[in-house]
Every structure is written in structure tokens, then in C-alpha cells.
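Note sheet for the following structure.
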Amino acid sequence: MQQLTQQLQDNNTPADLIQLILSICRACKEITTQLQGGAMTGVLGSAGAENVQGETQKKLDVVSNDILKQTLIASGSVRAVASEEEETIVAGNDEGHYLVAFDPLDGSSNIDINSMVGTIFSIMPAPASAAVSEQDFLQPGRQQVAAGYVLYGPSVMLVLSLGDGVQMYTLDQQTGEFILTVDRVQIDTETREFAINMSNQRFWAPPMQAYIDDLLAGSDGPREKNFNMRWVAAMVADVHRILCRGGLFTYPWDKRDPDKPGKLRLMYEANPMGMLIEQAGGAAYTDSGPILDIQPEKIHQRVPVILGSINEVNTCVAYHQQRPF
């Protein structure tokens with residue numbers, strides 16, 4: 001079985017990009033150690049503050065953010081980083097060729113119940129000029145050099161795309177190396193499984209209401225087949241399930257706050273996950289178009305998300321086109 005470093009070298013990945021990816025892996029291994037210590041290391045519970053998103057931070061949100069930020073800046077390959085937990089970007093090496101946006105601990109509400117969480121990252125090209133600003137991060141998702149996540153589950157897995165398919169690597173706890181365990185991930189085009197937070201149903205737009213109603217009607221409804229519903233409350237875990245066995249994941253628009261048309265962040269969640277899904281043969285959309293085509297307006301921008309098995313995503317999007325709101 002091939003190690004991550006060898007796999008990247010065999011694919012002629014630039015040396016500084018390899019160094020950057022390995023730096024992310026080192027940071028995630030340190031986060032793994034913190035997670036595995038749990039209550040014994042005093043990292044569970046609330047940090048007693050809110051992040052820039054207005055969300056209550058967990059202690060491990062803060063710890064994970066600091067680990068990733070410091071490791072990436074020290075790598076020398078990064079011009080600047082943007083984190084879901086930081087209000088503004090953080091400058092790195094003026095000679096670095098890459099920008100990195102990341103969600104340090106996706107699904108952190110699951111920490112205290114010992115459920116799955118993960119780290120999501122997006123790597124973009126840095127500008128030619130030495131000076132860097134928030135504007136330089138506002139690149140459509142199709143400009144990503146690489147994207148991926150590390151899932152902290154029963155095993156620790158790195159899922160990565162450099163624009164030529166998706167690979168899955170499993171952390172060998174004995175050697176500390178990520179080993180290639182699934183090459184060329186491919187998502188089934190059809191599915192009978194979907195993931196959505198049903199508690200928000202009353203706030204959705206009519207097209208999404210109608211779509212989910214038809215799924216729930218099963219074989220007695222217009223779709224004429226039964227569906228299963230799954231929801232882990234961590235995007236990284238729900239997307240991982242789709243990459244492994246197909247399905248549809250959506251966090252749709254809702255009417256509670258007009259300034260927040262979706263819950264998920266474009267730069268830290270939707271773009272990197274959209275790249276992975278598309279590279280594995282799936283589709284990633286908002287209710288009106290492909291996620292990776294969106295021109296970002298700000299680093300903390302939120303968008304609705306519909307992604308997964310391509311035929312089911314197309315069906316969901318068609319409901320919105322037929323019944324606009």
C-alpha cells in the first residue's frame with residue numbers, strides 16, 4: 001500500500017504543494033491526539049465565547065484553529081490563511097505560492113458526545129504580488145488547486161483531490177503515515193438516501209418543501225421508490241458517507257435570516273466539498289447553479305448546498321426551477 005508522500009510524488013505534484021499537504025496532515029494528527037484525550041485533557045465543553053459566525057465556540061474549536069494556523073504559517077508554503085473561526089485573514093510567508101481556507105473542526109457540536117467531526121480545507125493559488133488581502137481569497141471554487149478533509153472517526157481518514165479524481169488515505173496509527181486505501185472514488189449516479197436537518201422544514205422555500213415531501217412519500221408518492229434519511233450533524237461525515245455509498249446532502253435556504261441565505265460557508269465548506277464531489281462524479285449545486293461557479297463576495301459568505309449523486313441532485317434542482325420562490 002502506497003504512502004501519501006510517494007503517491008503525491010508519483011503524480012508529479014509540485015514540491016511546495018506536497019510540503020503544504022503534509023503540513024495539514026501533521027496538524028490534523030495533533031488534533032487527533034487532542035480529540036482522543038477527550039475529557040482527560042480538558043478540551044471538552046464551551047470556550048465561553050462566540051466566533052465571527054456568531055456561533056458558540058467549543059474549546060477544541062479554538063485549539064484546532066490554533067494548531068492549523070500555526071502549522072500552516074510555519075510551513076513556508078502559505079502566503080495567508082483564512083479560517084472559519086477568524087474574522088480576518090492571517091498573513092504567512094511572502095514567498096508562499098498558496099492560500100488556504102479551512103474549517104478547523106467541522107461538526108464541533110458532536111465533540112462532547114464523542115461523535116464524528118472533521119477538518120475541511122481548500123487550497124488556492126496565491127497572487128503574484130507579495131502583498132495579500134482578503135480580496136485574493138475571493139476565487140471561484142474551480143480555481144482551487146486542491147481540496148480535502150480529514151475525518152476523525154473510528155479510523156482517521158484523509159480524503160483529497162488535486163483536480164484529478166479523489167483518493168482516500170487511512171492514518172496508520174503505528175507509523176503515523178497516511179496510506180492510500182481507496183483510489184479513484186466514484187459516486188453512484190442514483191441513490192435512495194438523503195441527509196437533511198428535518199427540524200428546519202417549516203423554514204424552507206416551497207420547492208424544497210415539495211421535494212422532501214415527495215421523498216418522504218416513498219413508493220406511494222410521485223418518486224415511486226422508498227428513501228432512507230441519515231443526518232450526522234457534521235457535513236464532513238455526511239459527505240464522507242456519500243463518497244462511500246452515494247446519497248444526497250442538502251442544507252437549503254431558509255427564511256429565518258435574510259442576511260444568511262444558507263448555513264454553510266462557501267469558502268470553508270461548500271467549495272472544498274463541491275470539488276471533492278464533482279471530482280468523484282457527483283454534482284454540487286445551490287438552488288440555482290453549480291457551487292464551484294460562484295464568484296465569492298466575502299470570505300465568510302454563506303450559501304445553500306445541494307450535493308451528492310448526480311441524478312438526485314439534478315432532480316432536486318429541477319424542483320427549484322419548476323417552482324421558483
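Of these, 274, 308, which one is touching a Ser or Thr at 6+ places or on another chain (Cβ under 8 Å), outside the structural domain of residue 103 (by TED's automatic domain parsing), touching a residue at least 24 places away in the same chain (Cβ under 8 Å) and of a type in the set (Gly, Ala, Ser)?
Answer to the check: 308.
For segment 230-261, enumerate the residues that are touching a residue at least 12 places away in the same chain (Cβ under 8 Å), surrounded by fewer than 20 Cβ atoms within 10 Å (Cβ to Cβ), more than 16 Å from residue 150 (Cα to Cα) and out of contact with any helix residue (DSSP H, G or I) (no Cβ under 8 Å at 6 or more places or on another chain).
245, 260, 261
What about residue 193, is it under 14 Å from the mean Cα position of the chain (by Cα) and of a type in the set (D, E, K, R)?
Judged against the criteria, residue 193 is not a match.
Has segment 159-176 got at least one residue that is surrounded by fewer than 17 Cβ atoms within 10 Å (Cβ to Cβ), more than 22 Å from the chain's Cα centre (by Cα), assigned to a strand (DSSP E or B) and assigned by TED's automatic domain parsing to the domain that holds residue 98?
yes
Do you know which residues across segment 217-229 are surrounded by fewer than 16 Cβ atoms within 10 Å (Cβ to Cβ) and either closer than 22 Å to residue 240 by Cβ or hydrophobic (A, V, I, L, M, F, W, C) (or both)?
217, 228, 229
Could you tell me whether any residue of segment 194-208 is surrounded by fewer than 20 Cβ atoms within 10 Å (Cβ to Cβ), among the hydrophobic types (A, V, I, L, M, F, W, C) and part of a loop (DSSP other than H, G, I, E, B)?
yes
Looking at (1) farther than 13 Å from residue 269 by Cα; (2) surrounded by fewer than 23 Cβ atoms within 10 Å (Cβ to Cβ); (3) under 17 Å from the mean Cα position of the chain (by Cα), can you tell me which one residue 99 breaks?
(2) is the only condition that residue 99 fails.
Within segment 67-90, work out how many residues are at pLDDT below 95 and closer than 20 Å to residue 37 by Cα.
0
The values are calculated or read from the model by the stated rules, or taken from the named source; none is laboratory data. Just so it is clear, the model here is predicted, and its values are computed rather than measured. For neighbour counting, all protein chains shown are included, and Cβ atoms are generated from backbone atoms with ideal geometry for every residue, glycine included.
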